[in-house]
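Below is one structure, written out as structure tokens, with a few remarks after it.
The values are calculated or read from the model by the stated rules, or taken from the named source; none is laboratory data. Since the structure is predicted, the reported quantities are computational estimates derived from the model, not experimental observations. For neighbour counting, all protein chains shown are included, and Cβ atoms are generated from backbone atoms with ideal geometry for every residue, glycine included. Note: areas computed on protein heavy atoms with side chains; ligands, DNA, RNA excluded. Shrake-Rupley method; radii C 1.70, N 1.55, O 1.52, S 1.80 Å.
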Amino acid sequence: MHQFLFLDSDIWLRGLLIMVLVTALGCLAAILATMGPLRRVMENKPPVAPFFGGITALFALLLAFAVADAWSRDIQASSNLGLERRALFFLLKGAEVLPDREMGSLAQRYLSASLEGEWRVNSNETPSEGVEQVLRAIEEHALRGLLRANGSGPSSFRQHLMQWVEDLRAARDVRLRLGADYGQGWKWATLLGLCFLSQISIALVHLDRRRTAFVCVIVFGLAATSALTVLAGFEGAYDGIGAVRPHSLEALLDP
């Protein structure tokens, strides 16, 4: 499901794939309800019109929760970008104040490696070993500097430097978690399953009018496609509609 819906595909391609899938499910639902065994079980007597409301409500409720979850991840990713940018900014400025050329060089290396190896290559879905190595080098260098510091002034500043390094580590961990947390198969299987059941229930309500059943199922499928496409567009915090981009980090690169 993850590969089918989200493998480096444009949002319009995702929408087209979802439309084809939902339309196929709708046609199958209409056939099962109006021509298959369900028709014989119902004895050609359609249920009352409000019957389909309970199932479609379950579909709408789960869809609403899924969209809200996707939007909340997008907001969290944007906020976390600010934290990562802040930590890097103070590390770079702190390296100038000390002065600590090695720390400044390591921070710039981390910035370049993370932009290239995590942001641009795979939209933060998987960690880069090169970025991890540079980050460990930054942590070890900051710790050694703190242990060597003598006197309240340098020691206090080194403690702040160590805190900024810890903030950088935490921000990267959150970024990678958000980058990998999308396209869960169980969620999409449940959504599509409820969509299919909703289409069957709509067709059953129009059991005595086959053409009307097909039209209503298709109309519902188009509406469901629109909502599911929006969800697919916001699933990845760093890819799709409203994706968080590292413009504020790129501004910190050495010219």
The chain: relative contact order in percent, alpha carbon pairs under 8 Å with at least 6 residues between: 41 percent
Degrees, to the nearest 10: 210-235 long Cα axis against longest axis of the chain: 0 degrees
Solvent-accessible heavy-atom area per residue, rounded to whole Å², over the chain at 1.4 Å: 51 Å²
3J(HN,Hα) from dihedral phi, segment 120-132, Karplus parametrisation 6.51/-1.76/1.60, rounded to Hz, x for glycine, proline: 8, 6, 9, 6, 6, 6, 9, x, 9, 5, x, 5, 4
Angle in degrees between helix 152-180 and the longest Cα principal axis of the chain, rounded to the nearest 10: 20 degrees
Helix-only CD estimate at 222 nm, as mean residue ellipticity for the chain, using -39500 (n - 2.57) per DSSP H run (n ≥ 4): -26000 deg cm²/dmol
Accessible area of segment 49-251 belonging to carbon and sulfur atoms, whole % at 1.4 Å probe: 62 percent
Cα-centred dipole magnitude for segment 49-251, charges only on beta-carbon of K, R (+1) and D, E (-1), debye, nearest 20: 320 debye
Among 103, 19, 35: highest mean-square fluctuation, GNM of the chain, C-alpha pairs under 10 Å: 35
Spacing of the two label points (7 Å from each Cα toward its C-beta) at residue 210 and residue 65, in nm: 3.9 nm
